[in-house]
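The next block holds one structure in the form of structure tokens; read it before the comments.
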């Protein structure tokens, strides 16, 4: 049975680790001498610490903090400690809701238990997606996928960050990072057409560390979404350059590389070489 995590239980676990750093105790001494720790029963705090592999037993039979427990104890601040706890929780408990991480954090926050969701909130993981927040959710998605294709995700995120910086410099308005919330929208970034035109512009981002020998993979879903959008662009990033180069590809330019269904067959994805757009690559805005 999966342990049910909550902010209160997490705080009790943190308090237990702090206590054991000051005074080693055996499990019976802990439970009999301290009925409550951090507002929770000492037995619940002990169960959490045992489940998340935070404890070792010394030669005297006393509880001592393991290497995993020390990472929580030594975390810089409450949010950092909660993030560490969430990582340990996922690694040791493999909760059912974890499978939703491959679809974006919104799915996780909607389907995980209320207590776990509140831990994500108090850990600062449900708010603005700074680099550390994005890295956390990417790590969680990697665990859910069995760490498959993580290197491709890292390349994609690098391109998305570059597009966000480019669009803010171009329009003066921070764009919305859609892909961090859900990967089912069919595009990655939502910007505006121009500084003096607030019409919404959707952008699908593709990045490559192979230069012009690299390729982009476009799914049928992504293309059909692009066709339905009033304004849509593709950003292709060549990461072999310093700084990276950008090709801004419009719908007409991309359409010539899109296959059509024939007979009983239907296409699902297409691979297009970056070289097909070589003339469009140039410096991005700082």
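The values are calculated or read from the model by the stated rules, or taken from the named source; none is laboratory data. What you see is a predicted model; the values in this text were computed from it and never measured. Cβ coordinates were reconstructed from backbone atoms using ideal geometry, including for glycine residues, and neighbour counts include every protein chain displayed.
Listed values, structure above:
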read-out: Set 82, 86, 109: member being more than 22 Å from residue 12 (Cβ to Cβ), modelled with pLDDT of 95 or more and in the same structural domain as residue 3 (by TED's automatic domain parsing); value: 109
read-out: Any hit, the stretch 8-19, residues being assigned by TED's automatic domain parsing to the domain that holds residue 72, in a helix (DSSP H, G or I) and more than 25 Å from residue 95 (Cα to Cα); value: yes
read-out: Any hit, the stretch 98-110, residues being part of a loop (DSSP other than H, G, I, E, B) and either surrounded by fewer than 19 Cβ atoms within 10 Å (Cβ to Cβ) or in contact with a helix residue (DSSP H, G or I) (Cβ under 7 Å, 6 or more places away or on another chain) (or both); value: yes
read-out: Residues of the stretch 9-29 that turn out to be under 29 Å from residue 120 (Cα atoms) and free of Cβ contacts under 8 Å to residues at least 40 places away in the same chain, as a count; value: 6
read-out: Subset tally (residues that are under 25 Å from residue 184 (Cβ atoms) and surrounded by fewer than 15 Cβ atoms within 10 Å (Cβ to Cβ)) for the stretch 246-269; value: 10
read-out: Among residues of the stretch 170-194, those that are assigned to a strand (DSSP E or B) and touching a strand residue (DSSP E or B) at 6+ places or on another chain (Cβ under 7 Å), counted; value: 7
read-out: When residues of the stretch 234-245 are limited to those that are closer than 21 Å to residue 189 by Cβ and more than 24 Å from the chain's Cα centre (by Cα), the one modelled with the highest pLDDT; value: 245
read-out: Matching entry among 156, 115 (being over 14 Å from residue 87 (Cα atoms), touching a residue at least 40 places away in the same chain (Cβ under 8 Å) and not assigned by TED's automatic domain parsing to the domain that holds residue 81); value: 156
read-out: Checking residue 134 against (1) in the same structural domain as residue 237 (by TED's automatic domain parsing); (2) closer than 23 Å to residue 238 by Cβ; (3) surrounded by 16 or more Cβ atoms within 10 Å (Cβ to Cβ); (4) touching a residue at least 40 places away in the same chain (Cβ under 8 Å), the condition it does not meet; value: (1)
read-out: Residues located in the stretch 246-268, provided they are within 29 Å of the chain's Cα centre (by Cα) and either at pLDDT below 95 or part of a loop (DSSP other than H, G, I, E, B) (or both); value: 250, 268
read-out: Some residue of the stretch 227-234 being in contact (Cβ under 8 Å) with a residue 40 or more places away in the chain and in contact with a strand residue (DSSP E or B) (Cβ under 6 Å, 6 or more places away or on another chain); value: yes
read-out: Members of the stretch 34-56 found to be loosely packed, with under 13 Cβ neighbours inside 10 Å and in contact with a strand residue (DSSP E or B) (Cβ under 7 Å, 6 or more places away or on another chain), listed by number; value: 35
read-out: The stretch 138-179 - residue that is under 10 Å from the mean Cα position of the chain (by Cα) and crowded, with 19+ Cβ neighbours inside 10 Å and, of those, farthest from residue 218 (Cα to Cα); value: 140
read-out: Condition met for residue 272 (surrounded by 13 or more Cβ atoms within 10 Å (Cβ to Cβ), without any contact (Cβ under 8 Å) to a residue 60 or more places away in the chain and in contact with a helix residue (DSSP H, G or I) (Cβ under 6 Å, 6 or more places away or on another chain)); value: no
